[in-house]
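Chemist: So that we are looking at the same thing, I have put the structure below in C-alpha cells.
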Amino acid sequence: MTKKLLCPRCGDVLADADYRPMAGSLALSAPGGCQLTPQMGAIHIRRAEQELASASSPAGADEARTRLEFVRRHVGELMYDLPCHRGHYTLATAPQITRALRRAKGHWVSLGEQ
C-alpha cells in the first residue's frame, strides 16, 4: 500500500509511505524523492537533550522536553524524524506509522501529535 503522510500541524505532505504487510517492509520518501531513514532511539535522545539545553524560550524547552519524553518511552524502536517544509517536525516510530497506514481509509494519513 502506498499513502501520503501528512503533517499534524499544517496538513502538508511529509512523506510518501510504501508499506508491504506481507514482508513487514516500510519505506518512506520525502516529497522531493529522497529516501528517509529511520534511526534508533539513542540518536534521538542525544538530539533532544541538545535541543533542551539550547532552547531559547520556555515554549522551545517544553517542545524539546516533550520530544525527549517520547523518545525515552520508545527508545528500543526505529523512529522517523519527519521534517515539514514549513519548519515542523513529527517524530514517530515505525510501528506507529504502520498502524496509522493500516487504519487509514483513504490515501492520506495524519500521524497526529506525537
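The values are calculated or read from the model by the stated rules, or taken from the named source; none is laboratory data. Everything numeric here is computed off the predicted structure, so don't read it as measured data. Methodologically, a virtual Cβ is constructed for each residue, glycine included, from the backbone with ideal geometry; neighbour enumeration extends over all protein chains shown. Accessible surface areas use protein heavy atoms only, side chains included; no ligands, DNA or RNA. Shrake-Rupley method; radii C 1.70, N 1.55, O 1.52, S 1.80 Å.
Chemist: Arg20 is checked against (1) within 21 Å of Pro8 (Cα to Cα); (2) open to solvent by 60 Å² or more (accessible area, probe 1.4 Å) and fails just one. What number does that condition carry?
Modeler: If we test Arg20 against (1) within 21 Å of Pro8 (Cα to Cα); (2) open to solvent by 60 Å² or more (accessible area, probe 1.4 Å), just (1) comes out false.
Chemist: Take the conditions open to solvent by less than 80 Å² (accessible area, probe 1.4 Å) and at pLDDT 90 or above and apply them to Ala15. Does it pass?
Modeler: yes
Chemist: Go through the range 50-64 and count every residue that is surrounded by 15 or more Cβ atoms within 10 Å (Cβ to Cβ) and within 20 Å of the chain's Cα centre (by Cα).
Modeler: Residues flagged as surrounded by 15 or more Cβ atoms within 10 Å (Cβ to Cβ) and within 20 Å of the chain's Cα centre (by Cα) within the range 50-64 amount to 5.
Chemist: Here is a further query. For residues that are of a type in the set (Gly, Ala, Ser) and closer than 23 Å to Ser29 by Cα, scanning just the range 49-92, find the one that is modelled with the highest pLDDT.
Modeler: This residue is Ala92.
Chemist: Evaluate the following for Ser25: is it over 17 Å from Thr90 (Cα atoms) and either touching a helix residue (DSSP H, G or I) at 6+ places or on another chain (Cβ under 6 Å) or polar (S, T, N, Q) (or both)?
Modeler: yes
Chemist: When only residues in the range 93-113 that are part of a loop (DSSP other than H, G, I, E, B) and among the hydrophobic types (A, V, I, L, M, F, W, C) count, which is modelled with the highest pLDDT?
Modeler: Ala104
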